[in-house]
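Laboratory data are not the source of any read-out in this text; all were calculated from the coordinates shown. None of these values were measured; they are calculated from a predicted model. Here the Cβ is made from the backbone with ideal geometry for all residues, glycine too, and neighbour counts use every protein chain on show.
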Amino acid sequence: MLRLRSEFEAACREFALMHNCTEIHTPKLMGNASESGAQVFRVEYFDRTAYLAQSPQFYKQMAIAAGLAGTFEIGPVFRAEDSRSSRHLTEFTGLDVELAWVFDTQDVMSFEEAMLRHAFARLERFAPEVRQHFGVDLPLEPSVAYLSLAEAKALLAHHGMQLRPEDDLPDEGERQLYVLLERDLIFVHDYPIVKRPFYHRYDHDAGTTHSFDLVFKGIEITTGAIREHRYETVRAQAIDKGLAPETISHYLDNFRYGCPPHGGFGLGIERVITKLLGLGTVKEAALVPRDPDRILP
């Protein structure tokens with residue numbers, strides 16, 4: 001598992017570098033909770049309180065505002081979610097990508113699809129060993145589907161699962177989409193504003209965002225979006241979401257004097273490895289997993 005995981009990460013890094021992305025390393029100790037005040041770990045930091053980073057979101061956007069054509073990071077992500085499910089860890093490894101001069105969600109989804117195709121193809125030498133030890137075939141040439149969240153809900157409703165317009169896809173909905181569509185990678189786009197953070201680009205007329213989730217073999221592995229790069233708009237959206245602008249002024253200042261249109265995504269590596277190998281839980285895809293009950297060794 002660890003050798004295959006290492007190869008997957010190396011292939012993703014190779015693809016990003018080939019496409020003019022710069023690898024960055026962002027702080028994991030933060031003075032403010034990243035994105036929101038919920039689900040964060042608080043840490044004593046001398047005479048203050050610090051927080052473990054939920055994501056590098058703000059920092060990778062800062063790098064785009066500074067003039068980079070694209071950025072990526074492979075590093076730890078911390079979520080204080082009191083969940084003992086087969087898909088959650090309190091510390092996991094994220095692959096985060098941000099791209100300048102992208103204008104449409106399709107641009108970001110196409111980049112991620114190409115990256116995963118490149119990475120999966122690189123795993124070919126592991127195929128016989130994986131088949132022998134795990135009893136599964138690696139999706140070296142994955143099948144792909146694209147549909148809106150509204151289309152996904154209509155399909156699920158036709159098969160007995162009723163969801164409200166403002167609802168996200170439940171775990172069972174993700175699994176059912178995989179069964180119904182018979183596609184390895186399913187990009188679901190146009191999520192409602194109420195379900196997305198303030199820095200996503202909104203379509204107010206439709207009540208949706210220029211965002212997507214990627215479902216891989218029945219589990220969400222990615223959330224991505226076109227970002228809101230206009231200062232007054234992103235500031236107003238933060239206020240609408242209940243955030244005080246002064247608490248994120250270091251972030252908002254990146255847009256005050258102009259920032260290129262951009263977008264990106266974050267991917268959970270343990271979830272990818274879990275589905276590639278047919279494992280029962282993401283804990284089996286980590287060297288030493290962390291969950292609400294495990295902090296040792």
Query raised in the report: Highest GNM mean-square fluctuation, the chain, Cα pairs closer than 10 Å: which of Asp240, Asp253, Asp205?
Result: Asp205
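Compute the Rg/Rh shape ratio of segment 144-297: radius of gyration over Kirkwood radius, all on alpha-carbon atoms.
Details: Rg = 18.0 Å, Rh = 17.4 Å.
Using only Cα positions, Rg/Rh for segment 144-297 is 1.03.
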Requested in this report: Could you compute the FRET efficiency for Leu155 and Ala80, with r as their C-beta to C-beta distance and R0 at 35 Å, rounded to 0.05?
Outcome: 0.55
Report summary line: Of segment 16-30, those with amide N under 13 Å from the point 7 Å along the Cα→Cβ vector of Arg48 are 29-30
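With +1 assigned to the C-beta of every Lys and Arg and -1 to the C-beta of every Asp and Glu, and no other charges, what is the dipole magnitude of segment 85-217 about the Cα centre in debye, to the nearest 20?
Details: 13 positive and 24 negative charges, 58 e Å.
For segment 85-217, the charge dipole is close to 280 debye.
Report the extension gain between Ala69 and Ala244 in nm, rounded to one decimal, defined as 0.36 nm multiplied by the number of residues separating them, less their alpha carbon distance. Mind showing how you got there, number by number?
On the way: separation 175, 0.36 × 175 = 63.00 nm, distance 2.99 nm.
Between Ala69 and Ala244, full extension yields 60.0 nm more.
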Query raised in the report: Say each of Asp167 and His204 gets a label point 7 Å from the Cα, pointing the same way as Cα to Cβ; how far apart are those two points in nm?
Result: 2.9
Requested in this report: Return the subset of Lys195/Lys241; Lys28/Lys60; Lys153/Lys241; Lys153/Lys195 for which the Cα-Cα distance in this structure is over 19 Å, preserving the input order.
Outcome: Lys153/Lys241
Query raised in the report: Arranged by the count of other C-beta atoms within 10 angstrom, fewest first, what order do Val136, Val77 take?
Result: Val136, Val77
Query raised in the report: Hey, what number do you get for the chain at 222 nm if only DSSP H runs of n ≥ 4 count, each worth -39500 (n - 2.57), divided across all residues, to the nearest 500?
Result: -10000 deg cm²/dmol
Query raised in the report: So, in nm, how far is label Arg175 from label Ala121 when the simple model puts each one 7 Å beyond its Cα toward the Cβ?
Result: 3.4
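To make sure I understand, if each residue's beta carbon is the centre and we count other beta carbons within 10 Å, what order do Met109, Met161 fall in, fewest to most?
Numbers: Met109 22, Met161 15.
Starting with the residue having the fewest Cβ neighbours, the order is Met161, Met109.
Does segment 1-127 come out rounded, prolate or oblate by the C-alpha gyration tensor, with a ≥ b ≥ c the root eigenvalues, rounded set by a/c under 1.5 and, if not, prolate when a/b is larger than b/c and oblate if not? Can you show the working numbers first?
On the way: a/c = 2.14, a/b = 1.35, b/c = 1.59.
It is oblate, given that a/c is not under 1.5 and a/b is not larger than b/c.
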Report task. Neighbouring Cβ atoms within 10 Å as the yardstick, rank Asp96, Asp293 fewest first. Result -> Asp293, Asp96
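Any chance you could run the full-extension gain for Tyr231 through Asp253? It's 0.36 nm times the residue separation minus the Cα-Cα distance, nm to one decimal. Intermediate results must be reported in sequence, preceding the final value.
On the way: separation 22, 0.36 × 22 = 7.92 nm, distance 0.79 nm.
Extending this stretch completely gives an extra 7.1 nm.
Where in the chain are the DSSP H helices whose C-alpha atoms run 30 Å or more along the long axis and whose mean Kyte hydropathy is at least -1.0?
Helices meeting the span and hydropathy rule in the chain: none at all.
Let me know the shape class of the chain, please: from the alpha-carbon gyration tensor, a ≥ b ≥ c as square roots of the eigenvalues, rounded when a/c is under 1.5, otherwise prolate if a/b is greater than b/c, or oblate.
rounded
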